Amino acid sequence: MIDNLEMRQLEILDARIPNLETSKKRQLYRLQSGVKGENLFLEMVHKYGHPNWKIYSDYWFSYGKRLQADFILVTSNRWLVVEVKHYDGLFEYIDNECYLNGHLLSDNYLATMDLRVRHLRHMAHEINKDIIVDGLFTFMHEFSEININQSFDFGIKLRNQLKRYLTNLKNTDKKPLDLNYVTDIELVLQKYSAGSPFLPKAIANETWNRLTKGINCAKCGSFTTISKLKTIRCSNCNLKNQN
């Protein structure tokens with residue numbers, strides 16, 4: 001399961017600070033949406049992929065430029081570099097720029113994906129030049145649509161296309177991974193590992209002072225809880241939690 005430390009911190013702030021700043025609420029929504037998309041993809045890999053595959057997630061690396069891969073799926077002869085988006089609506093690529101529901105996005109995600117795949121291909125070929133390195137840019141939201149008329153050196157798939165895609169990939173390579181090969185992979189990934197630059201900052205004292213203290217209900221979020229022996233009961237929704 002994919003998690004995110006910044007998201008967890010913002011969830012705590014959102015639960016314990018009335019009227020949390022709009023900018024932080026938006027960032028929380030973006031992070032939750034991204035994590036949901038990545039977990040949906042991971043579920044499909046576990047369901048339709050092969051148990052022999054090795055899965056690396058949230059890999060930050062520096063190969064001339066710092067980049068990140070949501071996932072690297074490794075088979076006996078292939079690296080699949082995966083970028084996951086969980087966009088609700090129409091994603092378009094027009095004149096080398098990305099748009100979501102008609103709004104220009106800040107980054108050229110497809111150009112970055114092309115660079116990501118090429119750099120990881122160079123890294124894989126340090127092990128063996130016969131390793132195939134492909135890319136997959138996938139949209140996991142059930143209401144995602146795409147309008148991309150330009151060709152790229154990687155696949156672009158909607159969620160409803162993944163079952164067939166992963167099944168076909170599984171059927172082309174059922175060999176177990178050689179342990180020496182796995183060791184070589186991890187040495188190369190470690191060699192270029194850069195670490196995430198987006199670890200959450202420490203919560204400021206001023207923010208700590210704004211936090212609502214006490215135990216909140218896991219169901220409704222209320223802080224009107226009553227503790228008695230080994231039982232905690234929410235007086236708002238009457239949920240009981242016993243240890």
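Annotations for the structure displayed:
- Contour excess over end-to-end distance, with Cα ends at residue 23 and residue 243 and 0.36 nm allotted per residue: 75.5 nm
- Ordered from largest to smallest accessible area (heavy atoms of protein chains, 1.4 Å probe), the residues 233, 66 come out as 66, 233.
- Charge-dipole axis of the chain as Lys and Arg at +1 and Asp and Glu at -1 on Cβ define it, positive-most pick from 23, 185, 68: 23
- Phi to ³J(HN,Hα) by Karplus 6.51 cos²θ - 1.76 cosθ + 1.60 over the range 150-163, Hz, x for Gly, Pro: 9, 8, 10, 8, 7, x, 10, 10, 7, 4, 6, 9, 6, 4
- Less than 5 angstrom separates the built amide H of residue 194 from those of 60, 61, 62, all sequence-distant by 5 or more or on a different chain.
- Among the trypsin sites (Lys or Arg not before Pro) in the range 113-170, those placed in a DSSP loop whose Cβ has at most 11 other Cβ atoms within 10 Å are 129.
- 76, 151, 62, 23, ranked by accessible area, largest first (probe 1.4 Å): 151, 23, 62, 76
- Using a probe of 1.4 Å, the accessible surface attributed to residue 3 totals some 90 Å² when neighbouring protein chains are kept in position.
- Placing unit charges on the Cβ atoms of the charged side chains and taking the dipole of the chain about its Cα centre, the candidate lying farthest along the positive direction among 98, 204, 141 is 204.
- Only helices enter this figure: runs of n ≥ 4 DSSP H residues, each worth -39500 (n - 2.57), summed and divided by the residues of the chain, yield -11500 deg cm²/dmol at 222 nm to the nearest 500.
- Average accessible surface for the range 1-91: 49 Å² per residue, computed with a 1.4 Å probe over protein heavy atoms with every protein chain in place.
- Spin-label proximity, residue 177 to the range 71-109 - amide N less than 16 Å from point 7 Å beyond Cα toward beta carbon: 71-82
- Label-reachable residues, the range 58-93, where backbone N falls under 14 Å from a point 7 Å from residue 127's Cα toward its Cβ: 72-81
- In degrees, nearest ten, helix 22-48 long axis to first principal axis of the chain (Cα): 50
- With Cα atoms, 0 to 90° folded angle of helix 179-192 axis to the chain main axis: 70
- Rg(Cα) / (2.2 N^0.38 Å) computed for the range 1-55, rounded to two decimals: 1.48
- Filter on 219/240; 54/191; 47/170; 129/157 - keep pairs with C-alpha separation over 20 Å: 129/157
- In this view, the solvent-accessible surface of residue 119, computed with a 1.4 Å probe and all protein chains in place, comes to about 30 Å².
- Long-range tail of P(r) for the chain (Cα pairs > 26 Å, %): 51
- Estimated vicinal HN-Hα couplings, Hz - the range 124-132 in sequence order (Karplus 6.51, -1.76, 1.60; Gly, Pro = x): 5, 6, 5, 8, 7, 6, 8, 5, 7
The values are calculated or read from the model by the stated rules, or taken from the named source; none is laboratory data. Owing to the predicted nature of the structure, the values given are computational and were not obtained by experimental measurement. Note that we place each Cβ from the backbone using ideal geometry, even for glycine, and neighbour counts take in every protein chain shown. With ligands, DNA and RNA removed, areas are computed over all heavy atoms of the protein, side chains included. Shrake-Rupley method; radii C 1.70, N 1.55, O 1.52, S 1.80 Å.
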